[in-house]
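First up is the structure itself, then whatever we jot down about it.
The values are calculated or read from the model by the stated rules, or taken from the named source; none is laboratory data. Keep in mind that this is a model prediction, so the values were computed, not measured. Using ideal geometry, Cβ is built from the backbone for each residue, glycine included, and neighbour counts are taken over all protein chains shown. Remember, those area values only see protein heavy atoms, side chains included, never the ligands or the DNA or RNA. Shrake-Rupley method; radii C 1.70, N 1.55, O 1.52, S 1.80 Å.
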Amino acid sequence: AVFLRRAADLGDRPGAAVAAVVAAAVAHDRLDEPAAAEAAWRRALAAAPDDGAVRDGFAGWLEREERYAEAVPELELLLARGAGA
């Protein structure tokens, strides 16, 4: 739990790299902090809206949270971008 808390804290700092913010989202999820996990995922998406791995991670998190209506548009965007690549 100490490692997860440290990862969450580092990724929650202003100006954190996208990878650190994603790590914070994962850490918050594993610490059972869904509101903080969602906030971190949304910060990561805001910082890297065209990063397919970030969008895929967020969609996967939404799916695990059973927020299917929100996950579907994220997955559709990934599919559309994949088809256009």
Positive end of the dipole of the chain, charges at C-beta (+1 Lys, Arg; -1 Asp, Glu), about the Cα centre: which of Ala23, Gly60, Ala37 has its Cα farthest in that direction? Ala23
Solvent-free Debye scattering, log10 I(q)/I(0), computed from the Cα coordinates of the chain at q = 0.23 Å⁻¹: -1.04
Per residue, what accessible area does the stretch 40-85 have, given a 1.4 Å probe and all protein chains present, in Å²? 60 Å²
Using only Cα atoms, tell me the angle between helix 52-64 and the longest principal axis of the chain; keep it within 0 to 90° and round to the nearest 10. 80 degrees
Report relative contact order for the chain in percent, whole number only (criteria: Cα-Cα under 8 Å, sequence separation at least 6). 19 percent
Share of carbon and sulfur in the accessible heavy-atom surface of the chain [1.4 Å probe, %]: 59 percent
Would you mind classifying the stretch 1-44 by shape? Square roots of the alpha carbon gyration tensor eigenvalues, ordered a ≥ b ≥ c; an a/c under 1.5 is rounded, otherwise it is prolate if a/b is larger than b/c and oblate if not. oblate
